[in-house]
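The values are calculated or read from the model by the stated rules, or taken from the named source; none is laboratory data. Remember, predicted model here, so these are calculated numbers, not experimental data. Virtual Cβ from ideal backbone geometry, glycine too; neighbours counted across all protein chains shown. The accessibility values were calculated without ligands, DNA or RNA, using every heavy atom of the protein model including side chains. Shrake-Rupley method; radii C 1.70, N 1.55, O 1.52, S 1.80 Å.
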Amino acid sequence: MRHGAGRTGFRAGHDVRAADWCGAGTPPLLAVAHGTRDPSGTATTEALLDRVRELRPGLRVVLAYVDVARPSLTDVLAELSGEVVLVPLLLGTGFHIRVDIPEVLAAAPQVEARVARALGPDPLLASALADRLAEAREPSSGPVVLASAGSTDPVSQRAAVAMADLLAEQLGRPAVASYLCAGSPTPADALAALRAQGHRDVTVASYLMTPGFFARRAAEAADTAGSVVSAPLGAHGAVARLIVDRYEEAAARPGTPVGRASAAAG
């Protein structure tokens, strides 16, 4: 189901230039999320972008998905032309950022996109994770298992380790990275290892953007081990601030936007 124009910022069949949306020189923010079949996950993404709009009044914020949900990135780009700043609502530099997004952009040369970095790792995410843990239970001195979605990309796996280090620094206690798929250890393995070391008060931090399949898997692993699990990052104010930061960083970056070079080459 395609979201309404008021949320996603485009109307089918209408070619919209950046100048039509924000005024000359202010490209719209094209937020690209992974996507989920869980309606609460989609609603959470939209709520997060509402917080971004509050931080940057007047900035047009457009939403697209790389998988599962609609509107797809392909469909949204078909309705756009001119400069945009694409901000992946993704926590690591995995396949979607390295392959999927560039391929879709290459097929839309009328769009001149500056692509921002992945959201993670970042101290703002550590702050948001700490808040979610505090909401889940009273703060403890025990270690934390950071439950990330996982990726076959080693760079993305190392980024999860870096995020665990940032969380440990934020909390003042150990944090261990784990992967819900395509990586080791799994949250269940990390929990078991910490229990074997004598830790009884272990918490699981959901290093995930929204509710959905992976959030349920993280909750199941925590429940099986008798541990508390935090909610996903969701529409946390620090995450919204980070999205704006990534937008501003990419918008200010010198160089040729993706798409313009493709059009010139063609």
Share of Cα-Cα pairs in region 134-227 lying beyond 18 Å, as whole percent: 39
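Quick one: pull the percentage of alpha-carbon pairs in the chain with a separation above 35 Å. List each step's numbers first, then the result.
Values: 6472 of 35245 pairs.
Counting pairs separated by more than 35 Å, the tail of P(r) holds 18 percent.
What does the charge count near GLY237 come to, summing +1 for each Lys or Arg and -1 for each Asp or Glu among other residues with Cβ under 10 Å from its Cβ? Let's see the in-between values first.
Values: positive: ARG51, ARG241; negative: GLU54, ASP131.
It works out to a net charge of 0.
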Within the accessible area of the chain (1.4 Å probe), percent carbon and sulfur: 53
Gain on full stretching of the segment that runs from GLU54 to ALA107 - 0.36 nm per residue minus C-alpha separation: 15.9 nm
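Using only alpha carbons, build the gyration tensor for region 63-141 and give me the equivalent ellipsoid semi-axes, biggest first, whole Å. Write out the running numbers ahead of the final one.
Numbers: eigenvalues 212, 32, 24 Å².
Largest first, region 63-141 gives 33, 13, 11 Å.
What is the extension gain from ALA47 to ASP201, computed as 0.36 nm multiplied by their sequence separation minus the C-alpha to C-alpha distance, in nm to one decimal? Before the final figure, lay out the partial values.
Numbers: separation 154, 0.36 × 154 = 55.44 nm, distance 3.25 nm.
Gain on stretching ALA47 to ASP201: 52.2 nm.
Quick check for me: using +1 on Lys/Arg Cβ and -1 on Asp/Glu Cβ, what's the dipole size of the chain about its Cα centre, in debye to the nearest 20?
Numbers: 25 positive and 27 negative charges, 23 e Å.
For this selection, approximately 120 debye.
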Trypsin sites (Lys or Arg not before Pro) within region 26-119: DSSP coil, no more than 14 neighbouring Cβ in 10 Å: ARG37
Euclidean distance of C-alpha centroids, region 80-127 and region 29-71, integer Å: 13
Region 70-210 - percent relative contact order, Cα under 8 Å, separation 6 or more: 26
Centre separation in Å (Cα based) which lies between region 207-241 and region 151-196: 14
Burial order of peptide ranges 66-74, 26-34 (average beta-carbon count within 10 Å, highest first): 26-34, 66-74
Computed FRET value (nearest 0.05) for ARG158 with ARG137, which takes r as the C-beta separation and R₀ as 41 Å: 0.90
For the chain, built as a Gaussian network whose Cα springs stay under 10 Å, the top-fluctuating residue of VAL99, VAL145, VAL204: VAL99
Between helix 39-55 and the chain: long-axis angle, C-alpha atoms, 0 to 90°, nearest 10: 70
